[in-house]
Structures are given as structure tokens and as C-alpha cells.
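Participant: Take a look at the following structure, please.
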Amino acid sequence: MAIKKFVVGSFYDEQVLFPAVKAVRKSGYKIHDVYTPFPIHGLDTAMGLRDTSLHTAGFIYGITGTSVAFSFITWAFTTDWPLNVGGKPFFSLPAWIPIMFELTVLFAAVGMVLTFCYLCQLAPFVKKDHFNLRATDDTFVMAIEVTDRTNVAEAQSFLTSLGAQDVVLTEKETGWWIGRYDKRQQLLSTDPQTAL
């Protein structure tokens, strides 16, 4: 598991957070992520995040669903079990359109949900470290990743000067892991390799 160090600043007002994100990016610090209790319009642009490709994935999943439906119905009604229904031809495409449409929607919807969960690292039994539990309530949290070139004291004072109320240096697991938070915290506190 990859445990990394972060300088974490907590903001209590989005009007303070927004210019702080721009200033941190401009100063060359690596923003790991910004956690907010509600969506903030334009924050993704301020963080320099590119547009999502989820819509492209949805199109691919939809085309896959259409292809699967068309292929299976064609095989079933023309080769495996051809039926003469009211004199219609075996290859009766207009009658298949509703089923093809439904499979298109099903594949696109399920595929996009699973892709979203994978990209956001959401799944049953998966545990994630929280930088600040109040980020789901009333606090805006910015986590700056500590690299080899990061001066921690300067980063902390810089965040404080930008309006952060609480600035802490912490170690967090950023990937997926399965387990309990209390056992993970014990491991972090007893392992000399991870001590600050």
C-alpha cells in the first residue's frame, strides 16, 4: 500500500477556497485533491483537471449493447429458431428495435456506473482514508502532496496565509484497501517506517 505525506488545509468558506486553489497551483505545489461538502462550479477548471471521458465510455458501452442485441436476435430468429410469425421475414429488423434500444440503455447505464465507481475508487468493503471527516459536512479540504521538492514548513505557512484555518501534515493511504480504520491507524502509529 502506498502511504504518502500530505499538507492538508481546511477552509470554512468556498469564497476563500477558490482563490487559494488557484494560488497553490500557480505556486507549483501538487494538489492531490480538494474535498468539498457540495459541488463548486468551476473548481475542476481551477484545479486544472481535464474534462471527463465518461461520455465516450458510455457511447462505447451503448454501441456494445446494440451490437450484442442485434447479433443475438439475428442468430436466434434466423439460424437457431426461425419462426414464421404472421408471414414476416425471419430477419425482421423493425420488430427488434425496441429490444436493441433497451440493451443499448442497459449496457450504457451499467457500464458507466461501474466505470464511475472504478475511477472514484468506490466499492463495497473498500476503505479510504479521510483527510478530514468534516469535508462531508461544512469544511473544504485541500490536500497538497509532499514531494521531494516540497518544503513542508513553507507549504503550511503558505496555506495559512491563503486563509486555511487548520493546516496539518499527515500520512494517508491513497489507494484501495480492504480492512478496518482502527487497525489501519494502529499500523500507522506503530510502524517506524511511516512515522513523520
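Participant: Quick one: angle between helix 93-119 and the longest Cα principal axis of the chain, in degrees between 0 and 90, rounded to 10, please.
Facilitator: The angle comes out near 20 degrees.
Participant: Same structure again: Please tell me the relative contact order of the range 1-145 in percent, rounded to the nearest whole number, where contacts are Cα pairs under 8 Å and at least six residues apart.
Facilitator: That works out to 51 percent.
Participant: Using just the helices of the chain, give the 222 nm mean residue ellipticity in deg cm²/dmol: DSSP H runs with n ≥ 4 each add -39,500 (n - 2.57), and the total is spread over all residues, rounded to 500.
Facilitator: That comes out to -14500 deg cm²/dmol.
Participant: Of the chain, which part is the longest with no trypsin sites (Lys or Arg not before Pro) in a loop (DSSP not H, G, I, E, B) and with at most 16 other C-beta atoms within 10 angstrom?
Facilitator: 51-127
Participant: A follow-up question, please. Would you be so kind as to identify which of Ile31, Thr115, Ile60 lies farthest towards the positive end of the dipole of the chain, taking Lys and Arg as +1 and Asp and Glu as -1 on Cβ and the Cα centre as origin?
Facilitator: Ile60
Participant: Also, quick follow-up: Be a star and scan the range 130-159 for residues whose amide nitrogen sits under 17 Å from the point 7 Å along the Cα-to-Cβ vector of Lys22.
Facilitator: none
Participant: Give the span of the chain's Cα atoms along each principal axis, as three whole-Å numbers ordered largest to smallest.
Facilitator: 81, 38, 31
Where a number appears in this text, it was derived from the coordinates with a stated rule and is not lab data. These numbers come from a predicted model, not from an experiment. So basically every Cβ, Gly included, is an ideal-geometry build from the backbone, and we count neighbours across all protein chains shown.
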